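Let me begin by presenting the structure, written as structure tokens, before commenting on it.
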Amino acid sequence: MLSVYVDLALGLVVSFLLLSLLVSGVNEAFVRLLAIRSKFLWAYLRDTLDGADAQGRSWLPAKLRDVFAALPFTRDPRPAHSDQPAPAEPGTLPVAEPKAQDAMVKLLYERVQEIDHPTKGRTSIANIPPGRFAVALMEMAAAEPGGVEGLLAKLKEMGSPLYGHLRGVWETAQRDLDRFRQGVETWFDGEMERLSMLYKRYVKWVVAVLGLLVTLLFTMDGLEYGKTLLRDNAFRASVTAVAEAGPAAYDELKARCGRSDPVPCITETLSEPAMVQMLQHALVSIAIPAEGDPTLHWNGAAWWNRLTTPSHWPGFLLTYVALLFGAPFWWDVFRRITGIRSRRKDQ
């Protein structure tokens, strides 16, 4: 009896893992297509280095709709791409200018453009290591008369928000260049962590919407699927990929997944007919016969009938809530049930 419930848990975990990987994949494709990460980074850099735009608006989005509407389509904060190496001599900031007009962002991009590749004429840089940022800032300071003091004076004159941050770091470092560089690196690292948390807070809403769409598209009733696993011994055995019950029930699964990355392992497991059957109630399902080629089926009428049947809604809710935990959570549960260790631990 214990083996049956372990198999049930494994079957549910694998199904939730599959759907969570699908949600994560669609989300990643969406983020990459719109270059959200890169735009988010450069929106922050514009706000921090040069301040608000000409209309006095912040570049970094303050609302969810701005992240996935204004930022991707109407206000691209990224600098234009350059395929040239960084100039031998860093440029200097303008002398008498009440507003920076992106001067700092342009100078920063010049110092890091060597790690760039184009995306529709714009930079694709989505991450600047804190150490590289600190070095770029020191290079810009070296180009100014008076060094760091000269750079701070120009930033103050231009009204750059960066002035307050750097002034505090400079005074804390007691005007020691090496300590100043380390302080800038630490400050920027903390800012990137804060920015990452803000980004994840926005993206989680996209994951929530995608999770709902995947649940409804596949009409995955978690409760119904659990009952099927309990009642159908052959189906449960094929889902869990075990050779026999007992203490060594998951030896085959361990041998298959123990030394490989999770995604290929799960993909291989889920390509089996039993796992395809799990998604047979989707809007478009696939059938894999014992002999012959796989076939696709349009299930529009049956899918709608299933979707509008109230008795399935608790199961849909269970699946949706499970998907909100994300693929990393279910992969960790999967490893705990099967006893599979990560590659790092094995090494």
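The values are calculated or read from the model by the stated rules, or taken from the named source; none is laboratory data. Only a predicted model underlies this, so the values are computations on that prediction, with no experimental measurement involved. Note: ideal-geometry Cβ built from the backbone for every residue, glycine included; neighbour counts use all protein chains shown. Surface areas here come from the heavy atoms of the whole protein model, side chains and all, with no ligands, DNA or RNA. Shrake-Rupley method; radii C 1.70, N 1.55, O 1.52, S 1.80 Å.
Observations, loosely collected:
- Only protein atoms count toward the accessible area here, which uses a 1.4 Å probe; on region 1-90, the carbon and sulfur part of that area reaches 63 percent.
- Taking label points 7 Å from Cα along the Cα-to-Cβ direction, residue 82 and residue 57 give a separation of 2.7 nm.
- Heavy-atom surface of region 73-171, accessible at 1.4 Å and reported per residue (Å²): 48 Å²
- Net charge dipole, region 83-236: roughly 700 debye, given to the nearest 20, about the Cα centre with Cβ charges of +1 for Lys and Arg and -1 for Asp and Glu.
- Separation in nanometres of the label points that stand 7 Å from Cα toward Cβ, at residue 176 and residue 149: 1.9 nm
- Accessible surface, 1.4 Å probe, highest first, among residues 120, 154, 106: 120, 106, 154
- Ordered by 1.4 Å accessible area with all protein chains kept, 138, 197, 158 run largest first as 197, 138, 158.
- Computed magnitude of the charge dipole of region 16-86 (debye, nearest 20; Cβ of K, R +1, Cβ of D, E -1): 180 debye
- Entry comment: accessible area of region 1-66 is 43 Å² per residue, from protein heavy atoms only and a probe of 1.4 Å.
- Whole-percent carbon and sulfur share, accessible surface of region 134-179, 1.4 Å: 56 percent
- Long pairs among 63/120; 154/200; 39/156; 39/204; 120/200; 156/204, criterion Cα-Cα beyond 28 Å: 154/200; 156/204
- Separation between Cα centres of region 54-88 and region 104-177, rounded to whole Å: 18 Å
- Sum of side-chain charges, residue 173 neighbourhood, beta-carbon under 9 Å (Lys, Arg +1; Asp, Glu -1): 0
- Summed residue charge, Cβ within 14 Å of residue 64's Cβ, Lys/Arg positive, Asp/Glu negative: +4
- Heavy-atom accessible surface of residue 175, to the nearest 10 Å², is about 120 Å², with a 1.4 Å probe and all protein chains retained.
- For a label point 7 Å along the Cα-to-beta-carbon line of residue 227, residues of region 302-322 with backbone N under 13 Å: 310-316
- When nucleic acids and ligands are ignored and a 1.4 Å probe is applied, residue 92 ends up with an accessible area of around 80 Å².
- Cα gyration tensor, region 43-156 - rounded (a/c under 1.5), prolate or oblate: oblate
- Taking all protein chains as shown and a probe of 1.4 angstrom, residue 165 keeps an accessible surface of around 80 Å².
- The calculated FRET efficiency for the pair residue 311 and residue 114, based on their C-beta separation and a Förster distance of 51 Å, comes to about 0.25.
- Using a Förster distance of 35 Å, the FRET efficiency for residue 298-residue 70 (Cβ separation, nearest 0.05): 0.40
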